[in-house]
Structures are given as structure tokens and as C-alpha cells.
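Okay, so here's the structure we're looking at.
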Amino acid sequence: MNITQKINDAPLVYEVVSKARDIQQSDFDDAVSDPVDSEEVYELIRNINDPEHPLTLEQLHVTNKEHVFVDDSANRVLIEFTPTIPHCSMAALIGLCIRVRLLRSLPERFKVDIKVREGTHQSEEHVNKQLNDKERVAAALENTYLLDVINQCLATAV
Amino acid sequence: MVVQRLVDAYIIGLGDNANNTELLQKLISSITSGDTSLLELVQALGSCLASEEASRRSKGVQVLSDVLNGLPESSIPMQATSRLVQFFCARLEDATCVPHILTAINALLRMSSFTTQFAIDVLNALFKEVHVQSFQYSTRSAAYQLLELVIQNHPEAVKEMGSDFVLGFAQMLDGEKDPRSLSVAFQTIPKIVALVDIKSNAEDLFDVIFCYFPITFKNRENDPSAISPESLKIALRKAITCSSYFGSMAVKPLVDKASATSISAKIDAYETLAAGTLNFSSEDFKIQLETLVEQIREDVFMSSDESVVNAALDTLESIYSVIILPKDTSDTSADPAAMVDGDEGETASPLDYVLKEAVFQLTAEEIKNSEQTGKILRAAARSSAYNCSIVSDAVIPIIVERMDATEVLTVRRELMDVLNHVLSASCDVARKAECLEADKINLLNIYRPDTSIPLDKEYSFLHITRLKGITLLTLLPAFLSEDETAVALQTIARASIERNEEENVNKEATHLLIQLSQSKPEQIVSVVLPLFFEAMRDKLIAVQKVSHLLNALGAIGVSASRILVPVLKGLSDLVVSGELAPPHCLATVSTIRKVIEAVVAVSKDGNKESNADLCAKLIGTVIGSLSDWVYGLAQLSSNGEQAVSLLVLEISRAVVATLSRIDEISQAEYLSPLFEKYHGIALQTYSPGTASASADGGDMYPSTLCHLLPLLSAAVCSCWPQTKIPVSDLSDFVGKLSVVALNTTLQEQRDASFEMIASIINKTSDAKQREDMVRRVLQPTEECDSAASVLIRHWLARALVSRNDKAGYEIVYWLLELISSSSSSSPSQLAQYSTMAAESISIVLGDHDWSITSATHAVIKVLSKQRFYATVVPQITTRFKSTDKEQVKTNLLVALTSTIRYMPKSVLMNGVEGVIPLLLSAIRLTQSSLKAASIRTITMVMIESPDTLQKELSPSIIPLLLLSLAQDNLANTVEVRRVACDALSLIPEKYIYPVVQSSRKPVLRALIAARDDHKRLVRQDATKAYNKWLSFGDS
């Protein structure tokens, strides 16, 4: 993968509006359960760095709070992301970063689906298939070079 | 000959780079003592100085220079100075000798025998013979130093040389690249300009200096020369702007540089232009004015960088302040319009460059960039009162006319924005333009509230702009009449009070009131405050609105000292009058307390006297009436109302904030009526079932009044040690309080008694009296085995330990004995309180609102905490080791954790190793707060001294932390689980992988489970720790 030549060298950068949620009294009460919700999952992924730019996925509007869907009781999470340009060849890598981040952060009971938002990428189906195929993901993560790139992108997300 | 031998050895040493200090000292001391003369030294050096070999000549001069630098003035006779100067001047043509000659001349220059003529000779030789830039830095530095010394010691020489000096200096500097030398040279230039008329050489000198503009360099870290880029920039700026002769040459290139793309260069150019206004003539600027204004406009309109905009506007203001002056400066009231039209005739005013564009913008169909236009107009107008009049006269009629003609709200807002900027300039120069008076009615109309415009988000900008305008009109000197000002203030106050969808209008209005409170305090008090108080009286007022009003009032009160007392007085009157709905009383009293605390804290470092006066005034007005009010409330209320207790607590804190800051006489004056009122209540024991008894045998008071005792306690505790407490016998009083505390069933009464006993004993300086008091306090405990008889010892320990009294430690040992006793095996009745005694150890060191704190003048000796730690912790450790009873061990751990929790970090780290095993046991405790405190202490040790824990890490610390993550254990509260995650996430940062290799898998497993915790905060911390452990050991 040659990332010296940037696919999109002048992306639109948005002002970050989301902030950490306020801590309530009930957050310290063990009698109250806090189900995993979309805000919590979005918090996990919003600071992932873009592979090309020193900007977060949130700043580039690749990820968006409204495009994270969580059903805690059914143990399902669906993330839809928006590549900055329709022919972005980094789409699969960005999706992979999101998947790895959630693999390392969400409770293991969740089944996570990651998709390119409909109509935002020219090879949408192909990318979606790649991202949700367990074996292909596992194989990709065995590639040490790729894993290094992913770890770099995730370094800011901790 | 001794000298010859020394000189030879010295020269040989120079060749071998040997350390010649000893030889030099010998030479110097032999000349100083008179054994050898300077002449003999020169003779001894003769062969070297006259040698044909350059290096030998250089060495010869070096010896002479070294010796001259070390000799005191008295050892160099006048004649010798003259000869040496002649010699050195002649030798300056010998390039190899120049470095040492310069240092030698610098040594001679400090002598009083060095005459002005010598200075001229040296300078002539230097400028003629030496090409300074061909030498290395140290030599160049010596040359600049020489010039500095001449300017400093022989300014007449510089004056006499005149142009020759300037030219020589310019040649010398030409080509210099070292920032250190440049910094010195730039600083020299203004000094030269002050001495010499540089008219004929201005261009030469300017060319040499200006080529460095804009100057930037990066200084290396730890650079010993310690020149910052900023200081170099300033030095160059001063050099460029130091002479009026530079003006004609500097302004044009500076204006050109202002169009540079580099932001720093742009700002530098602007700032240099502004600095130039001090010396450059106005004509220099006038020629370039059009281009400059154009450039400034471009930057103000286009630049996204705030600092560029500000630099540009400041420059505009500075330049206009010098280039336009009224013809007759003494007559500031001269009509500017007449001057522009009449005196100057057809010639355009320099302000036209600004005004034409502004007028164009203002008359355009759609007004764009109103803020920027306004800013430029304001900068131009602020330059002088005269210019302000010109700008106002040109702009305001246009705005007024257009406002009349248009109904489009956006256009009106833009126009108002520009108008606000112009008016703010009038406020800044403190002079109103003539046209303002003429247009007064129109202006008032512009800002008149328009009720047809809804107060919602869409129009909030319009409202805010209008409010700002009203504020400016109010601030304009002698513009609004008294009545008009009142109406204006009412308008702003209403905007602040009335809540609407858009909070920004409220906030802005409050902010404007705060601004106005500085200049119009009287009107704020007479007009604005009543409106606020009226709004608070509304019975149907919502909680949110009350808090908004209180915040606004608090901010207004804090902003100006003259408004503070009226605000607090008004609020307290509101509370006392009973007009305030009961739920809002507490919020109001709380605001009063916060405002008082904020004000006295701010002025802590300021004028202590005025602070004390303020506090005295507040006690007389606010605190007094609130205390009386709450007294009446307590009399009426049924038993044990929590609301009263909370009110009393707030008022007590206000009492502490004010009373602790007045002198002891005023404190005593405050105390005496207070004691008359509360003395009986404090000494009356309440207990249900039995008849209440008064220790004084006086009248009985209803028990509800006991809720008021914190007021007495706060007042007693706030006193200085020397303040006279109004009781006949203090020891007796303390003894009686002790009896009451032991027997009462009302917690407020018991705590208040404890606080007063502790504070009085702590502030008693006489050791004997103190001892007597302690005895009296403890006496009743001998017949009493209640919990209070244990707690009273905690309070005594607090009072005595903080002043390093050994009696305090005896009490602490008694408590430790109790803590170490088990209720099942001990015959003593008190043993049942051993756990409570352990838990209450925090009383000894913990924080309190007023009893024994440094703010309330308690005697707290330095190192008292250290001493407590050093004495008590080993005791706890020993007792822990010697017991095998689980309960006792738990008690001791509780006591230890409570002790450690209040220790400063520096104290704790000293000898922490011994405590670690106990802390680890404390993690097993079932009390969650102690568990969390223990883990926190472990974490702190991990940060401060990771090596201490290294051995314990894998065998005990990590397994204990993992156990603390389990959510099925009730002791593992959210807080415990979070601190455990924090501690775990710290390990990969502080230790190398091999140390904890074996624990990685179990840690990851436990953290995976913790990632599914039912509390979100724990999940977040667990995820953070998991990711750190996951990458731990990878690299």
C-alpha cells in the first residue's frame, strides 16, 4: 500500500462539536445499569486517526454519531461510515480500523456490522463484504505491516 | 630575571594549551606588589612583540592583555596607559594580534586614566585598520564591547568623531550574521543616534540595519547566549525607529512588508510601523498612507488570524494619532468640520482613505462586513478626540438617515453594529462628537426597543447589538441625562431578567450590566437592583430563573465594590422580609455566602484594612439580619427541620468568611450579644425521655434552637487566639460544654460543642491552662461510656496534635489502644466503639469548615502532620503485626488508611515501604471507601516511586487489583472498580514488560470481563487499561 501519494489530499475538515457526556450522580450508583448506547460506541471510534491525514474520523465526518446504531439487549452494533470521496481506496482500511477498535473495546457479546453508508462509495458492496467477512478480517490482521498501520491509526483513540 | 622566566614559561604554556592561571597570578601579584614594573614586563616580552613570527607576536600580545585584564587600576600609571594605547593602536594593523589587542584595550577603557583623546585614537585605528567581519565571533564581540564602553565612558569622543563614528560603525556591522552580535549592535544604535546627528550618514546606517528586517532565528534549547527571537526582534525595531531621519526610508519598505504572506513578518511590519510613530515625522507616513490603509483594510477583512487584525488596527490607530493634529492643539473644542472644509480647503483629509470606503459600504444596498468596517472606523476614531469627531461627523448622519429609511432588520442590525463601534471609540477618547448632540433624538430612536421583534434565536443578534448600543450611549460622557440613563439601564436590566428562548440575550445583558457597574454604580444600585429584587419576589418564579437571577446579581455585586454591599443587603432583606418563596431562601443565602467568600478571597492579598472594613460592614448589615431571621425561623419551626439546618450551615460559613477577617476587638464586640443569646442554649442538655437540664440552671429553651448552635461555633472558631471570649472562666465554659456534649442526644449540639472545645483549647497559648482545660473536658468522660466520650478525644487530639502538644499524642495512643482492643475479649464497655474510633481517626487530620483551620487562625505548627505520620504509623504497623484478631486488624487498617488519606504526598513517600504490606491488606477490606483510598495510595506510590512496588507487583498487587474489578462483590463499588482499572493501566507505563510478563494473560482476561461491566464509567476505564496491556510487550 503506497500512502505517500494521498488519495484525497485536501479533505474538508469540520469543527468538532461533540463533547464527552456529563457525569451524573447515577453513574456512580451500582443499582442502576448503564446499557451500551450509540453515544458510548461513537466515543470509542470518533478519535481514530485517518490513515492519510493527522485528523480524526470525527473531524473528517467519516464517522457520525447519528450513523451508529446499538441494540444492547440484542447484542448488535451497526456502524455506517462515510468515505471522504466516493473512490477512496482507504475505505476498507478505515473500516478495518473501526472493526479492530471495537474488537478491542466492546464487550465480546456484541456482533458488530460495519458498512459504508449507502451511496457514498463506488464499490460499496465490495468494501462491505470485505469488512464483514470474519476470515478476511482475521487474515488481514495477520499482516504485520497492515497491523502496524492500524495500530498507528488507533494510537489516538485510547 | 624572574619576570623573563615567568614570561617564557607563560609563552611556552600558551603553545601547549596548558593552564597558565598560576603563572598569570604570579605575574600580576609581582606587578601589584611593586617588585616588577609594567615596563619590565614589556621589556621581557620585547623579543616576542617584535618577532617576525606572527604566532609569537600574537602570544606576546596575549600575555600583555591577560596581565592588563587582571591588574587593578592603581598598578597602571597614567604614562603607561598612554604608551600602551599608542602601542596597541599601532599594532591594530597586525591582524593576528587584533583579538588580544581588543581585549587589552577593553581592559584599559575601564581605567580613569583612559582619556577621551585615547578613545578617539583607538576608534580611528579600529575603523581604519581592522576589518571586523573577517574575525571570529569572540573578536567581533570584543569589538562591539569596545564601542559600547566608549559610548558609555567617553560619549564626548563619539560626539567629536560624529560622522566618522557612524560610518565606521556601519562598516563594522555590515555583513554581521551572528544573532548575539546583532543584538548588541542593534541596542547600540539608539545610543549613537542620541549622541550624534546622523543626518549625513543616515542612509548608510539605515541600509546596514534594515537589511535584517524582518528578523527571525531559532534559538537552540539550552543556548547559553540566552537571546530570544523576541528580544532580537524588539532590538531591531528600536534601532529602525530610533531616528526621525530613518522615517523617509523605513515607511515604504515596511508598508511593502505588511503585505507579506508570512504572518509573523506581517505583524512585525505593522508593529514596527506603529513604533515608528514615536520618532518618524507625519509626512513620512502621509506619503504611504493610501497603500497602508488599503493593506490594513485587506488584512482586517480577509485575515483569519486575530493577532494580524489587532496589529493592523493598532497600527492604524497609532499612525492617525500622529498625522492629523488639530491646527490649534490648545483649542480642542475647535469645530473639526469647519477645519476640514474651511482651513484645508480642497485638500483631502488623510482620514478620507478610511471614510470613503466606509461610506461606500454603509450606503450599499446590502451591507457586508459591518464588523470589520466598524473596527476600522473605531481604530481611526480612537486615535484622537479630534479624529473621533471627524469620523463621527462623517459616519453617524449617514447611519441615522439610512436607519430612518430602511425597515429591513438585517440591514438595521449591520448599521447598528457599525454605529456601536464608532460610539465605543467616543467612549474611549472620552469626548463626544458635536454631531452626537445634534442627532441625539435620532440615536435614541435607533436604540429604542422594538416590541414587534420577537425575542427568539433568529433575532438575538439584533437584540444584543441594540443592548450594546444602549450601553455605549450610557457610557458616553455627558450625553444622556439622569432620567435617560435610568431608562437605558432599566432596558438592559429587563433584558437580563426576562427569560426567553435565547439565553445569549440574557447573558449579554448581564455582562453589559457588569461593565456599567464600574462607571455607573449609583444608578445600578438605584435603578437596576430594585428590578432584580422585584423579579425575585414573584411567587410563581421558577427555580431556574431564581438561579439565573442570583448568578447575575452575584456577578454584578462582585464586579464593583460600591455595589457589593447593596446587592448583599438587598438579598438578605429579601430573605428576611419573608417575601421570597421558601424554597428559594436557601439558594439566596447560599449565593450571599458564595459572593462574600469570593470577594474576601480576591482581596486577600490587597488592602487588608479595606477588606476588614468591608467584612465589618457585612457583619453589621447582612450577617446580623440573617442570623436574627434564622433564629426566628428556628423558634417557629417544628422539631429538627433539615431546611433550617442547611440555612444555618450557609450562614455559619458566611460568618466564618467575614468574622475571621476582622480584628480581635471587633470580634469580641460581635461575640458578646451572640453569647447573651446562645450561651444558655449551648449549655442546656437535651435528651428525650428525661427532662432537659441546663448546666447553668437558667431558663429552658426549646430544643429547635439547638439547630442554631453552628452559628455560635462558627463565630467562636473564627476568632483570633487573642480575642476575648465573653465568658467569665474559659476552662469552666469548656468543661460545661464537655458535659453537654457527652449527654445531649442532638447531633448538632454535640458537634458544635466539640468544635468549640477543640478550637478554644487549640488557641490557648498557656500550656498550664491548656492542660487544665483538657483535664476538665476529660473528667466527665470517666463516668460516661457513650460514643461521645470517644469522639471528644478525637477532637482533643485534633486540637493538640496540630500545635505539636505531646498531650495530643497521649490521647492518640489512648485511641490506638481502644482501636486495638476487641469488643469480644475486652472487659471495657468502650471496646464496643473500637471500630467507630478507627473510622473517626479522620477527625484528627481531616478538613473542616471552620474548626482548627489555617483560615480561622488556628495554631497549626509546621511539620505537625509529618510528626503525626512518623509517630502514629509505626505504632499501627507494630500493633498490626502483633495481633491475630481479624477485627483488630481491620480496625487498624481503617485507622491507617484514614491517616494516610490526609497526608501530603511528600510526607507519605518518606518511609512508605513499611506501610505497603498493610495497604495491600487494606485492599481486602470490605469498606469500599477505604479500599478505594488504599488503591489510590498504591497508585500514587506507583507514580512517585515505582521501584518500591516492583517485587510485590506480580505476586500480590495485580491479583488484588483484579479481584477489585469483580462486580459481584458488594465492596467493589464503581469507584473501587475504576481506581483498580486506573492502577492497572498505569503498570505498562511504569514497568518494563519482563517484570509483569506472567500476569499479562490473567490481566487481559479480567479486563475483557470488566469491559462488559454494567457501569459505563468502569467500561471506559477498563477499555483504556485493556488497550494499554494489549500493546504491552509488543515492542
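We did not get these values from a lab; they are worked out from the coordinates using the rules stated. Every value quoted in this text rests on a predicted model; they were computed, and no experiment measured them. Every residue, glycine as well, gets a Cβ built from its backbone with ideal geometry; the counts of neighbours run over all protein chains shown.
Here are a few things to note about the model shown:
- Charge dipole (debye, nearest 20) of the protein assembly as shown; +1 at Cβ of Lys and Arg, -1 at Cβ of Asp and Glu: 4280
- Considering only A:H121, A:H87, A:A139, the residue lying farthest towards the positive end of the dipole of segment A:35-154 is A:A139, judged by Cα position with unit charges set on Cβ.
- Within chain B, helix-based [θ] at 222 nm, where runs of 4 or more DSSP H residues each add -39,500 (n - 2.57), nearest 500: -21500 deg cm²/dmol
- Calculated diffusion of segment B:456-565, Stokes-Einstein form, Kirkwood radius summed over Cα pairs, 4 °C and 1.567 mPa s, µm²/s: 92
- Between A:V116 and A:F81, A:N128, the built amide H atoms are under 5 Å apart, and every one of these is 5 or more places off in sequence or on another chain.
- Ellipsoid fit via the Cα gyration tensor, the protein assembly as shown: semi-axes of 65, 49, 43 Å, each the root of five times an eigenvalue, largest first.
- Nearby aspartates and glutamates by direct alpha-carbon distance to B:K159 (threshold 17 angstrom, same-chain neighbours under 8 apart not counted): B:D121, B:E148, B:D197
- Charged-residue dipole, Cβ positions (Lys, Arg, Asp, Glu), segment A:35-154 about Cα centre, Debye nearest 20: 220
- Beyond 22 Å in Cα-Cα separation lie the following of the pairs B:K368/B:K507; B:K199/B:K252; B:K768/B:K806; B:K677/B:K736; B:K881/B:K931: B:K368/B:K507.
- Signed unit charges on C-beta, dipole axis of the protein assembly as shown, positive-most listed residue B:Y459, B:V862, B:I28: B:V862
- Candidate aspartates and glutamates - alpha carbon under 12 Å from B:K990, same-chain residues fewer than 8 apart omitted: B:E944, B:D947
- Using θ = phi - 60° in the Karplus curve 6.51 cos²θ - 1.76 cosθ + 1.60, the 3J(HN,Hα) couplings for segment B:994-1003 round to x, 4, 10, 3, 5, 8, 4, 5, x, 4 Hz; x is entered for Gly and Pro.
- Karplus-derived 3J(HN,Hα), 6.51/-1.76/1.60, for each residue of segment B:362-373, Hz, glycine and proline x: 6, 9, 5, 4, 10, 7, 10, 6, 4, 5, 5, 4
- Segment A:35-154 shape via C-alpha gyration tensor axes, a/c threshold 1.5: rounded
- Working note: Debye formula, equal point scatterers on the alpha-carbon atoms of segment B:243-323, no solvent; log10 I(q)/I(0) at q = 0.13 Å⁻¹ is -0.32.
- In summary, the lysines within cross-link reach of A:K115, defined as a Cα separation below 16 angstrom excluding same-chain residues under 8 places away, comprise A:K65, A:K129, A:K134.
- Within 10 Å of each Cβ in A:33-39, the average number of Cβ atoms from other chains: 3
- Cα gyration tensor, segment B:727-908 - rounded (a/c under 1.5), prolate or oblate: oblate
- Between B:Q684 and B:A695, the built amide H atoms are under 5 Å apart, and every one of these is 5 or more places off in sequence or on another chain.
- Of interest is the spacing of the C-alpha centroids, which for segment B:157-192 and segment B:965-1002 amounts to 67 Å.
- For segment B:1-105, the set of GluC sites (Glu not before Pro) satisfying both a DSSP loop assignment and a count of at most 14 other C-beta atoms within 10 Å is given as B:E52, B:E53, B:E93.
- Total charge dipole magnitude, segment B:727-908, about the Cα centre, Cβ charges on Lys, Arg, Asp, Glu only, Debye to nearest 20: 720
- Cα gyration tensor, segment B:916-1035 - rounded (a/c under 1.5), prolate or oblate: oblate
- The ranking of B:S985, B:S718, B:S282 by Cβ neighbour count inside 10 Å, starting from the fewest, reads B:S282, B:S985, B:S718.
- Scattering profile of chain B at q = 0.04, 0.06, 0.07, 0.08 Å⁻¹ [log10 I(q)/I(0), Debye over alpha-carbon scatterers]: -0.40, -0.85, -1.03, -1.10
- Share antiparallel - DSSP beta bridges, the protein assembly as shown, percent rounded to 5: 55
- Cut-off of 10 Å, at most 14 other beta carbons, DSSP loop: longest stretch of chain A lacking such trypsin sites (Lys or Arg not before Pro): A:22-108
- Charge dipole of the protein assembly as shown about the Cα centre (unit charges at C-beta), most positive-ward option of B:P721, B:P253, B:M903: B:M903
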